1. So what is log10(I(q)/I(0)) for segment B:31-92 at q = 0.16, 0.17, 0.27 1/Å, when the Debye sum runs over its Cα atoms only?
2. Shielding of B:99-111 by partners, i.e. mean partner chain Cβ atoms within 10 Å per residue?
3. Once the principal axes of the Cα atoms of segment A:1-64 are found, what is the range along each, listed largest first in whole angstroms?
4. Take the alpha carbon atoms of the protein assembly as shown, find their radius of gyration, then divide it by 2.2 N^0.38 Å using N residues; give the quotient.
5. What order do you get for A:77, A:29 when you list them from fewest to most C-beta neighbours inside 10 Å?
6. What ³J(HN,Hα) values, in whole Hz, does the Karplus curve 6.51 cos²θ - 1.76 cosθ + 1.60 give for segment B:36-50 when θ = phi - 60°, with x put for Gly and Pro?
7. Suppose R0 equals 25 Å. What FRET efficiency, 1/(1 + (r/R0)^6) with r the Cβ-Cβ distance, do residue A:51 and residue B:71 give to the nearest 0.05?
8. Distances longer than 15 Å among the Cα atoms of segment A:46-106: what percent of all pairs is that?
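Just so you know, all these numbers are worked out from the coordinates, no wet-lab data involved. Bear in mind the structure is a predicted one, so any value in this text is a computation, not a measurement. We place every Cβ from the backbone using ideal geometry, glycine too, and count neighbours over all the protein chains shown.
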Amino acid sequence: DTAVSQTPKYLVTQMGNDKSIKCEQNLGHDTMYWYKQDSKKFLKIMFSYNNKELIINETVPNRFSPKSPDKAHLNLHINSLELGDSAVYFCASSPGTSTYEQYFGPGTRLTVT
Amino acid sequence: QKEVEQDPGPLSVPEGAIVSLNCTYSNSAFQYFMWYRQYSRKGPELLMYTYSSGNKEDGRFTAQVDKSSKYISLFIRDSQPSDSATYLCAMDYGGSQGNLIFGKGTKLSVKP
């Protein structure tokens, strides 16, 4: 069983489109995250979210929005895609307050043309 | 000065060698120190985490944290070709925000 899964694995789309990436975790964790890994492999947090609190990295454009239908899912919706959004997006989760113990999904490689 | 500095490598060693990977950091408020391994086109995988200063061992892997020097290390003994990956250090302030700060990763290649 995959602990943290993401769909799709690859996403190719044109500038200006709106797209969503889905994330599911079956670990029973309380907190989920979205990260962006750029072409230089630098991994940077975008959001952290549990059922109480959404924390947004202030550098993230408001075109990006997390949506959580339930505790096991945290989707990432992106409006008006730009070339600079091309990257690998990783979902992660952590148990309870152990936010230092994060488990990552396999990533979604987004290419904006 | 970046919060977390990590030499990107690449680092190439022969099979069986002892590998030393390191990170330095600038913020003394960090409390948790993690090492992740990332294979090509895969998600990061948590190897070990350490709270505050000290050593932690898990099989062939040993993590060391020296808070006084703001320096952390990961040692891999008897390295194997399957250890070839990018190793990312990460740090956390603790608390509920879970805002891990990652180094840029060191790419390791272990040659048979």
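1. Reported log10 I(q)/I(0), two decimals: -0.50, -0.56, -1.19.
2. Taking the mean over all residues of the peptide, I get 3.
3. 36, 30, 25
4. Dividing the Cα radius of gyration by 2.2 N^0.38 Å gives 1.02.
5. Placing the least packed residue first, the sequence is A:77, A:29.
6. 10, 10, 10, 7, 4, 6, 10, x, x, 10, 5, 8, 7, 9, 10
7. 0.10
8. Taking all Cα-Cα pairs of segment A:46-106, the fraction more than 15 Å apart is 55 percent.
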